1. Of the numbered conditions (1) in contact (Cβ under 8 Å) with a residue 40 or more places away in the chain; (2) part of a strand (DSSP E or B); (3) over 19 Å from Val43 (Cα atoms), Ser111 satisfies every one except a single condition; which is it?
2. Does Leu72 satisfy the condition of being at pLDDT below 95, within 12 Å of Val128 (Cα to Cα) and not β-branched (Val, Ile, Thr)?
3. Against the condition closer than 20 Å to Val133 by Cα and either surrounded by fewer than 16 Cβ atoms within 10 Å (Cβ to Cβ) or among the small types (Gly, Ala, Ser) (or both), how does Gly32 come out, does it pass?
4. Tally time: how many residues in segment 43-69 are over 18 Å from Ile106 (Cα atoms) and surrounded by fewer than 15 Cβ atoms within 10 Å (Cβ to Cβ)?
5. With within 19 Å of Val131 (Cβ to Cβ), of a type in the set (S, T, N, Q) and surrounded by 21 or more Cβ atoms within 10 Å (Cβ to Cβ) as the only criterion, which of Ser102, Ser95, Ser19 stands out?
Amino acid sequence: MDRLYIETKMVSDEAGAISGLAWKFGVPDRVGDDILPGAFKGVKLPVPMLFGHDMNDPIGTWDVATEKSDGLHLTGKMLVEEVARAREIHALVQSGAVRGLSIGFIIKSSSPRVGGGRTIKSLELLEVSLVTVGMHPGAKVTSAKSAVQAMNLAAAINRAAAQIGRN
């Protein structure tokens, strides 16, 4: 099984509902792998939600998988009411300490990329894990309630201060 660590956009609420961008199309990850649109066709739901690719650490399920023009979007539920570990990871997501998603899959069809990595045309998605740091450049958590909203506000203030400093 191949595992790719990619940082993603992720949103979580108090009841454990969570969504995120599991793979961003058009940008290879840090090892040069690029998954093409259509590669996730036929994802079998639900997909297990793990922490750190630990098959002994399930924390929920991904129940909706949608390929959009920008990438693979997932929606699921962390079992915060039923699983103590899910409550712990949920708190880490909301604090901003856990920001990424990483996909575990088996390649069905690929070809080597010039300069390294692979162009992956077809795969079987086995699991999607919450991780602390992802492999995919440019992707980031945009909201996990209060902590991420505070980080976004701080970034906006820093951009405004930089603009003022240039004038």
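1. Status for Ser111: all satisfied but (1).
2. Against the criterion (at pLDDT below 95, within 12 Å of Val128 (Cα to Cα) and not β-branched (Val, Ile, Thr)), Leu72 qualifies.
3. For Gly32, the condition - closer than 20 Å to Val133 by Cα and either surrounded by fewer than 16 Cβ atoms within 10 Å (Cβ to Cβ) or among the small types (Gly, Ala, Ser) (or both) - is met.
4. Selection size over segment 43-69: 6.
5. Exactly one of Ser102, Ser95, Ser19 is within 19 Å of Val131 (Cβ to Cβ), of a type in the set (S, T, N, Q) and surrounded by 21 or more Cβ atoms within 10 Å (Cβ to Cβ), namely Ser102.
The values are calculated or read from the model by the stated rules, or taken from the named source; none is laboratory data. Since we're looking at a predicted model, the values are computed, not measured. Don't worry about glycine lacking a Cβ; one is built from the backbone with ideal geometry, like all the others, and counts go over all protein chains shown.
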